[in-house]
């Protein structure tokens, strides 16, 4: 990533040139692999008449219900083969959208429940995921995460996550879903195991709960990065803590707005976080639901009038591994 990329990125934002933007390398480091694609192209490819969402979820349960619908529609009782095919099509859609949009580095988050869904041992599941990712390796760098739902029973976490950690395939560990369930203290042993293997430690925090929960998650799990973390903007003390520890926040503006945690791009707390020295990245989260590509996120922030093109270029660069 050289000066030309920065010049082109700044020019693309200031001129509203979306074609130029797609030629500028970007990273997407908060991207759920099963929900990271383009809804319309995925729906057409798999031949479904599933309707696009309203892009507005005042109740987090409504969002979770839509996720379940995407995973199973139109199957009432999908077979293992149908479920495997569905997820592989969703993963492919994620990579296709990223590449088309100019993303050159991605950290796709896979869910530990895939082991049960695919009815496979860890080695077989990883072989299938690796074979699919290999089809894209010449066009995008892929560093996969393994994630777990906060509501998973510990016996299931131990049965699925430990083998994934030991496999060496996954580069980071994450917990996600409604953070009001499953306190970080429950996950300490699994995070210690991941740290021992040299994995990056992430967790969703500060999307629905307050700044103190962000700090608690970082301290308890010894996190390297926080997925979302936007509520940290409400506490000078917590922001100072994050800045001192050099904790990066991987933020998804459209997700925050559509899940009604932020009113608008102009009101998004990225502005406050940057002003307090916090390192942030801009990402898509679940593009198939929220309908926004990486480039859209940057244009929306720039068009809010709260950020210069130069500031957003620094945010862009934050997403690459060599920026840490």
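Read-outs throughout are calculated quantities, based only on the coordinates presented, and are distinct from any laboratory measurement. Computed from a predicted model, the values in this text were never measured in an experiment. Cβ: placed from backbone, ideal geometry, glycine included. Neighbour counts: every protein chain shown.
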### Query
Which of 65, 306, 23 moves most in a GNM of the chain, Cα contacts under 10 Å?
65
### Message
Given bins 5 angstrom wide, list per bin the percent of all Cα-Cα distances in the stretch 66-140, short to long.
### Response
3, 14, 24, 24, 17, 13, 4, 1
### Query
So what's the Cα pair-distance distribution over the chain, bin width 20 Å, in %?
33, 61, 6
### Task
Calculate the all-directions average of the projected area of the stretch 82-209's alpha-carbon convex hull, and give it in nm².
8.1
### Query
Most mobile of 36, 291, 109 per a Gaussian network model of the chain (Cα springs, under 10 Å)?
291
### Query
Over the C-alpha atoms of the stretch 170-263, what are the Rg and the largest Cα-to-Cα span, Dmax, in Å?
12.7, 40
### Task
Calculate the length of the line joining the C-alpha centroid of the stretch 252-319 to that of the stretch 169-189, in whole Å.
24
### Query
Could you work out Rg/(2.2 N^0.38 Å) for the stretch 119-189, with Rg from alpha carbons only?
1.24
#### Entry: Fraction of antiparallel bridges per DSSP, the stretch 25-323 only, in percent to nearest 5
0
### Query
Between residue 156 and residue 266, what length in nm is gained on full extension when 0.36 nm per residue of separation is reduced by their alpha carbon distance?
35.4 nm
#### Entry: Estimated Rh, the stretch 172-227: Kirkwood, alpha-carbon pairs, angstrom
11.0
### Task
Sort largest first and round to whole Å: the equivalent ellipsoid semi-axes of the stretch 1-157, each the square root of five times a Cα gyration tensor eigenvalue.
30, 20, 15
### Query
Kirkwood hydrodynamic radius for the stretch 200-324: how many Å is it when counted over pairs of different Cα atoms?
14.3
### Task
Run the numbers on the chain and let me know its relative contact order in percent, using alpha-carbon pairs under 8 Å that are six or more apart.
21
### Query
Got the relative contact order for the stretch 221-324 handy, in percent, Cα pairs under 8 Å and 6 or more residues apart?
25
### Query
For the peptides 14-20, 85-91, 283-289, 3-9, what is the packing order when you average, over each peptide's residues, the other Cβ atoms within 10 Å and list the highest mean first?
283-289, 85-91, 3-9, 14-20
### Query
So how do 248-260, 206-218 stack up, highest first, on mean other-Cβ count within 10 Å?
248-260, 206-218
### Task
Given the options 33, 267, 172, state which has the largest fluctuation in a GNM of the chain using a 10 Å cut-off (strictly under) for Cα springs.
267
